Amino acid sequence: MKIGLFDSGIGGTTILEAAKQAFPHEEYFYIADSKNCPYGEKSSLELQKIVSKNVDELQNWGAEIIIIACNTATTRCISYLRNKYPKIQFIGTEPAIKLATESNSQNILVMATPGTIKSERTKTLLKENQKPDQIIQLLPCPHLADTIEHNYNDHNFAPIIDTLKTIFSEVQTTPDTIVLGCTHYSLIKDQIHSFFQHAKLIDGNQGVIHQLGKLIKNSQKH
Ligand code: DGL
């Protein structure tokens, strides 16, 4: 099958690699839309135009399944895209709040772009999954994704650490679990761990791969 993925840059490559490993015989197309990074700081209207352009391009390449390898585009645009492109099967990536709350975590920190934190989908995920004894802190991380986008490939970690320092100064308690609610953050697990050594870091990538497996299997039946 032809599978398209897009993100505002390199963040979604962790999903691309996991997909290739799990399903090596499928054909993959990836758009690293770094010229529009950061998505997390865009208005809904701007974002809808940007994601539609990516989907049009992937559709032109013949993609039958499109993985939105970006939490921001998923939480803010997946319903819009499903309505606009009914023939395409979309898989979204969303903050793994459900997974975090299902474990015995007591103190969960959700890191995501300002756009994802503000989204209705994030509010719903909290409402549906938070247990009464769990503390969940939502932490908007302005400009962390673009700092990673512009420095990670050059192994220039100092600006990333500086941005993390500013962002983490807002964290009052020590989390036992950190949800990486932006695909770019999966690339800097070591740097995040250097601030919270004992925290378990989780992202939504396995959920995406699981969903992809189901769609591939389904298509083989037809
Ligand atoms: N990688 C993205 C996400 O998962 C987008 C970050 C951004 O461009 O702001 O949210």
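Just a yes or no: is a residue in the stretch 80-89 within 19 Å of the chain's Cα centre (by Cα) and closer than 18 Å to S186 by Cβ? No, because not a single residue in the stretch 80-89 is within 19 Å of the chain's Cα centre (by Cα) and closer than 18 Å to S186 by Cβ. Out of all the residues in the stretch 4-11, is one or more more than 12 Å from the ligand (Cβ to nearest atom) and not β-branched (V, I, T)? Looking through the stretch 4-11, at least one residue is more than 12 Å from the ligand (Cβ to nearest atom) and not β-branched (V, I, T). Being away from the ligand (no atom under 13 Å from the Cβ) and crowded, with 22+ Cβ neighbours inside 10 Å is a description that does not apply to I88.
When the residues of the stretch 123-175 are filtered to those that are touching a residue at least 60 places away in the same chain (Cβ under 8 Å) and β-branched (V, I, T), the one that is nearest to the ligand (Cβ to nearest atom) is I148.
Residues S43, S34, S8: which one is among the polar types (S, T, N, Q), farther than 20 Å from P95 by Cβ and in contact (Cβ under 8 Å) with a residue 60 or more places away in the chain?
Numbers: S43 fails: in contact (Cβ under 8 Å) with a residue 60 or more places away in the chain; S8 fails: farther than 20 Å from P95 by Cβ.
The conditions single out S34.
Give the residues of the stretch 40-69 that are of a type in the set (S, T, Y) and at pLDDT below 95, sorted by residue number.
Of the stretch 40-69, the ones of a type in the set (S, T, Y) are 43-44, 52.
Selection gives S43, S44.
Would you be able to say whether some residue in the stretch 16-23 is over 30 Å from H198 (Cα atoms) and either within 16 Å of the ligand (Cβ to nearest atom) or not basic (K, R) (or both)? Yes, some residue in the stretch 16-23 is over 30 Å from H198 (Cα atoms) and either within 16 Å of the ligand (Cβ to nearest atom) or not basic (K, R) (or both).
At least 2 residues that are over 21 Å from P175 (Cβ atoms) in each: list the helices (runs of 4 or more DSSP H) lying fully within the stretch 65-159 that qualify. It would help to see each step written out before you state the result.
Numbers: elements: 71-84, 97-102, 114-118, 120-129, 144-151.
Helices (runs of 4 or more DSSP H) meeting the threshold: 71-84, 120-129, 144-151.
The conditions of being of a type in the set (D, E, K, R) and surrounded by fewer than 22 Cβ atoms within 10 Å (Cβ to Cβ) are met by D176.
The values are calculated or read from the model by the stated rules, or taken from the named source; none is laboratory data. The model shown is predicted, which means the values in this text are computed figures rather than measured ones. Reconstructed Cβ throughout: ideal geometry from the backbone, glycine too, with neighbour counts over all protein chains shown.
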